[in-house]
1. How much accessible surface area, in Å² rounded to 10, belongs to the heavy atoms of Ser6 with a 1.4 Å probe?
2. Assuming R0 = 22 Å, can you tell me the calculated FRET efficiency for the pair Asp13 and Leu51, based on Cβ-Cβ distance, to the nearest 0.05?
3. Residues of region 184-199 with amide nitrogen under 20 Å from the 7 Å Cα-to-Cβ point of Arg3?
4. Taking the Cα centre of the chain as origin and charging only Cβ (+1 Lys, Arg; -1 Asp, Glu), how large is the dipole, in debye to the nearest 20?
5. Would you kindly state how much longer the chain becomes between Glu178 and Gln84 on full extension, computed as 0.36 nm times their sequence separation minus their alpha carbon distance, in nm to one decimal?
6. Across region 103-117, in residue order, what do the Karplus-derived ³J(HN,Hα) couplings come to in whole Hz, using 6.51 cos²θ - 1.76 cosθ + 1.60 with θ = phi - 60° and x for Gly and Pro?
7. Once you list every other residue whose beta carbon is under 15 Å from the beta carbon of Val69, what net charge do they have if Lys and Arg are +1 and Asp and Glu are -1?
8. Using modelled backbone amide H atoms (1.01 Å from N, in-plane), which distant-in-sequence or interchain residues come within less than 5 Å of Leu33's amide H?
Amino acid sequence: MIRFESVGKRYPDGTVAVDDLTFEVAEGEMVTLVGPSGCGKTTTMKMVNRLIEPTSGRILVDGEDIARVDPVELRRRIGYVIQQVGLFPHRSVLDNTATVPHLLGVKKAQARKRAAELLDLVGLDPSVFGDRYPDQLSGGQRQRVGVARALAADPPVLLMDEPFGAVDPVVREHLQNEFLKLQAQVRKTVLFVTHDIEEAVRLGDRMAVYGEGRIEQLDPPAKVLGAP
Ligand code: ADP
Ligand code: ADP
């Protein structure tokens, strides 16, 4: 589903953030990218949704070189959730969730109906939270809205960059469990960045263990942990 072919990224100042990555993520698979800060995880993610361009190699999504995919179409195919999701502060939770599909051409009434379903799916009752504004939510709730919004265009691919990194450990564990349940239903192809090894173990079908600019191991969690 996602295929990296000899992908490298050297920033203009000469920093080699990613060095010759070749790997594949299968359809419906969740791969966690784990490793210390500065080893190239975020750079890897940003190249998939073309926030930055690789300096070598190419990335295919569903067999197609993403450099050739129209940016609007790419946004329809790839959802993105980051640590501090940027919600529109002057729009309600429901509107925040409905805006993206609406921009992508879904009729307003249908986008709102879908938004309500998605809020339910991420554990936010739309009749309670739909009319709230982002500043009336807890951190964990805002991240849930971010996940709902990323799912709103029904993209086959989901990029999650430390989505639960800024919430306290108890809430984080709750969000992880909910996200596993959600993934069992929606079966997206997911790249999930974390520097928390426990999170990577809990969520990943496979873990991509990063060293400086490269993946040192790509295996199911049990194997990474050295189980026989
Ligand atoms: P991670 O997500 O694993 O923390 P990053 O992909 O953010 O790692 O960064 C990888 C390396 O690239 C680091 O050395 C970082 O300092 C460097 N880097 C990231 N963004 C830039 C940039 N815009 N210009 C120069 N170097 C960068
Ligand atoms: P969490 O532990 O999930 O971060 P908080 O302690 O931030 O939760 O919030 C606890 C509850 O209070 C949440 O259910 C949240 O909806 C509600 N809440 C937080 N801030 C506001 C607010 N400004 N207006 C209304 N309800 C709020």
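The values are calculated or read from the model by the stated rules, or taken from the named source; none is laboratory data. In this text, all values refer to a predicted model and were calculated from it rather than measured experimentally. Don't worry about glycine lacking a Cβ; one is built from the backbone with ideal geometry, like all the others, and counts go over all protein chains shown. Ligands, DNA and RNA are stripped out before the accessible areas are found, and what is left, the full protein with its side chains, is counted by its heavy atoms. Shrake-Rupley method; radii C 1.70, N 1.55, O 1.52, S 1.80 Å.
1. So the heavy atoms of Ser6 present about 60 Å² to solvent.
2. Computed FRET efficiency for Asp13 and Leu51: 0.80.
3. The answer is 189-191, whose backbone nitrogens lie closer than 20 Å to the label point.
4. Approximately 760 debye in magnitude.
5. Stretched out fully, the Glu178 to Gln84 stretch lengthens by 32.0 nm.
6. 4, 7, x, 6, 4, 3, 4, 5, 5, 5, 5, 5, 4, 4, 4
7. Once positives and negatives cancel, what remains is +1.
8. Phe192, Val193, Thr194, Ala208
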